[in-house]
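The values are calculated or read from the model by the stated rules, or taken from the named source; none is laboratory data. Because the structure is predicted, anything quoted here is derived from the model rather than measured. Here the Cβ positions follow ideal geometry from the backbone for every residue, glycine too, while neighbour counts run over all protein chains shown.
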Amino acid sequence: MSRKLGPHETYAATRSRIGSYSNVYVSARLREAASPEAVRYAVSRLIQNEPILGVTISGEKPGTYEMHKLNAEKYAIEDFVDPTTFEDKQVSDAQSDLHYVRFDLTKSHWRVYVLDHGREIMFLYDHTLLDGMSGSFACRQLVKYIEEYQEGKNSEDVKVQVSQKDLPPPVEKQITVSAPVSRLVKELANEYLFKKPKTSLPPQVLPWSGYYGTIDMSMEQTKAFLEMCKANSISGGAGLYALLVCSSSRVLNEKYPDAVQTQVGGSIPWNARNFTPGQDPQRLGMVVGESLFDNPVPKPEDVAFGSGGAVPPGFLEIAKVYQDQIKKDGVSTWFSGYPFMHIIGLIPFVDLEDYFASHTNNYDRHMMYSLSNLTALETSPSIERLRFSQCTGATCPFIQFSTVGIKGGPISISIAVAEDDSIVPEVEKYVEEFLDQLTRA
């Protein structure tokens with residue numbers, strides 16, 4: 001079975017092939033270590049049950065890409081799991097190396113890694129066919145199958161068996177709404193006619209460098225953070241976006257004052273699964289678009305905690321901007337389909353190879369922030385914590401947060417910065433101080 005890639009998938013596959021983006025991961029921290037045998041069994045079950053994971057991509061140019069079910073006879077389980085490379089490392093130690101793993105889409109687009117001697121099970125994947133929600137589903141399914149093995153419900157037949165289920169259709173055929181022509185025309189005009197002033201931010205280049213960090217909130221910090229959001233009538237997502245902006249305020253105002261003297265661009269990936277009737281939402285693969293908006297970057301003095309642990313005014317200002325935009329886009333989406341559809345990926349007459357070549361040749365980086373939030377997910381009791389880190393690269397926002405929580409459990413934040421290794425420590429320091437202030441209040 002095979003099918004041609006849809007516009008959104010073609011956009012992502014082109015980006016992947018030229019190396020302008022890294023991969024994504026979702027990992028599960030287990031309360032007890034999984035054995036190598038349990039992980040191999042879990043991987044075999046994952047391939048057998050999830051059709052989007054048993055495929056390869058052929059084709060040399062955009063427009064010729066096709067998805068094929070892989071030939072199971074040519075694969076072994078070892079092609080999809082690596083139990084040794086990062087066995088003695090924590091996620092924070094291996095994060096950078098993992099983002100630089102490159103996938104050959106003609107062979108596979110994902111792999112499972114075992115970290116910390118079986119305590120951390122990571123699902124690492126290329127962004128072409130899977131978004132954050134589908135990656136988190138795959139990771140949690142792995143844990144389910146590990147538990148199945150440990151409970152003795154397993155089969156001894158551990159080998160690659162491709163799912164017999166149909167491949168999910170491209171996102172453009174899944175959702176019941178579409179992007180309006182007026183929005184497409186506006187994006188085309190922004191791309192080819194109007195230019196923002198050049199700033200001193202590092203440009204988009206190939207080859208690119210990414211710098212990463214991990215912040216694991218404790219249960220106490222998570223509880224205090226969510227209670228603070230509730231007390232100020234903001235959502236957890238709004239609070240996390242405000243934390244992203246405020247944590248970078250000082251370093252951006254000091255290093256790139258010209259870039260933050262006016263409003264900056266922010267983006268929030270949206271999950272469009274509510275618009276896919278008749279489908280199996282968690283197994284759909286790539287069903288994500290972006291909500292785009294502008295927000296100010298507060299001055300450092302406006303993001304500092306006041307006496308008595310008062311939440312900084314700059315923090316609340318940014319949270320309100322985020323929340324208002326989400327509300328606005330959520331309403332308009334019922335009629336227009338935007339922001340769930342990725343604009344460039346929907347424009348068939350854009351030459352994607354030329355597009356990426358022009359955008360990675362010292363192209364001005366005007367998108368400052370991105371927050372990708374998987375929210376609070378239902379998990380097995382055997383999972384202590386989830387971690388999530390989105391793709392970075394030559395065509396990405398300057399600073400990105402990837403956040404995920406589990407219901408009744410802690411939130412984890414991954415930080416990614418393009419081309420500037422001084423940002424991550426500053427962001428980590430502010431976030432830790434912010435959370436410390438909340439737990440003292």
Check your understanding: For the stretch 1-117, which fully contained strands (runs of 3 or more DSSP E) count at least 2 residues that are surrounded by 17 or more Cβ atoms within 10 Å (Cβ to Cβ)?
Key -> 24-30, 55-58, 110-115
Check your understanding: On the given criteria, is Ser209 touching a helix residue (DSSP H, G or I) at 6+ places or on another chain (Cβ under 6 Å) and outside the structural domain of Val24 (by TED's automatic domain parsing)?
Key -> no
Practice item. Could you grab the pairs with beta carbons closer than 9 Å, sequence gap of 6+ or different chains, first residue in the stretch 121-140 and assigned by TED's automatic domain parsing to the domain that holds Asn373, second one at pLDDT below 95? Key: none
Point to revise | So Ser136, is it part of a helix (DSSP H, G or I) and exposed (fewer than 14 other Cβ atoms within 10 Å of the Cβ) | key: no
Exercise for review: Under 7 Å between Cβ atoms, at least 6 apart or on separate chains: pull out the pairs that start in the stretch 236-264 with a residue that is outside the structural domain of Pro425 (by TED's automatic domain parsing) and end on any residue that is assigned to a helix (DSSP H, G or I) and buried (at least 18 other Cβ atoms within 10 Å of the Cβ).
Suggested key: none
Revision key, fill the gap. Scanning the stretch 323-364 for residues that are in contact with a Leu (Cβ under 8 Å, 6 or more places away or on another chain) and modelled with pLDDT of 90 or more gives Thr360, Asn361, Asp364
Review point. Can you name the number of the only condition in (1) over 28 Å from Val181 (Cα atoms); (2) touching a helix residue (DSSP H, G or I) at 6+ places or on another chain (Cβ under 6 Å) that Val404 fails?
Key: (2)
Review point. In the stretch 271-280, is there at least one residue being modelled with pLDDT of 90 or more and assigned to a strand (DSSP E or B)?
Key: no
Point to revise | strands (runs of 3 or more DSSP E) fully within the stretch 338-441 counting 3 or more residues that are surrounded by fewer than 18 Cβ atoms within 10 Å (Cβ to Cβ) and in the same structural domain as Ile318 (by TED's automatic domain parsing) | key: 361-363
Exercise for review: Kindly indicate whether any position in the stretch 27-47 is in contact with an Asp or Glu (Cβ under 8 Å, 6 or more places away or on another chain), over 30 Å from Ser412 (Cβ atoms) and assigned by TED's automatic domain parsing to the domain that holds Glu148.
Suggested key: no
Practice item. Tell me, yes or no, whether the stretch 169-181 has at least one residue that is under 29 Å from Ala72 (Cβ atoms), under 26 Å from the mean Cα position of the chain (by Cα) and among the basic types (Lys, Arg). Key: yes
Revision key, fill the gap. How many residues of the stretch 208-217 are within 17 Å of Tyr430 (Cβ to Cβ) and not charged (D, E, K, R)? The answer is 6
Check your understanding: On the given criteria, is Pro300 over 18 Å from the mean Cα position of the chain (by Cα) and over 30 Å from Val171 (Cβ atoms)?
Key -> yes
Exercise for review: Taking Tyr211 as the residue in question, decide whether it is within 16 Å of Met368 (Cα to Cα) and touching a strand residue (DSSP E or B) at 6+ places or on another chain (Cβ under 8 Å).
Suggested key: yes
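For (1) in contact (Cβ under 8 Å) with a residue 60 or more places away in the chain; (2) in a loop (DSSP other than H, G, I, E, B); (3) surrounded by fewer than 18 Cβ atoms within 10 Å (Cβ to Cβ), each residue gets a yes or a no:
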site: Leu167; (1), (2), (3): yes, yes, no
site: Lys173; (1), (2), (3): yes, no, yes
site: Thr176; (1), (2), (3): yes, yes, yes
site: Lys186; (1), (2), (3): no, no, yes
site: Glu191; (1), (2), (3): yes, no, yes
site: Phe194; (1), (2), (3): no, yes, yes
site: Lys198; (1), (2), (3): yes, yes, yes
site: Leu201; (1), (2), (3): yes, yes, no
site: Trp208; (1), (2), (3): yes, yes, no
Practice item. Tell me, yes or no, whether the stretch 142-154 has at least one residue that is out of contact with any helix residue (DSSP H, G or I) (no Cβ under 7 Å at 6 or more places or on another chain), among the hydrophobic types (A, V, I, L, M, F, W, C), under 29 Å from His8 (Cβ atoms) and not assigned by TED's automatic domain parsing to the domain that holds Trp208. Key: yes
Practice item. Keeping to the stretch 139-161, report how many residues are over 19 Å from Arg283 (Cβ atoms), assigned to a helix (DSSP H, G or I) and acidic (Asp, Glu). Key: 1
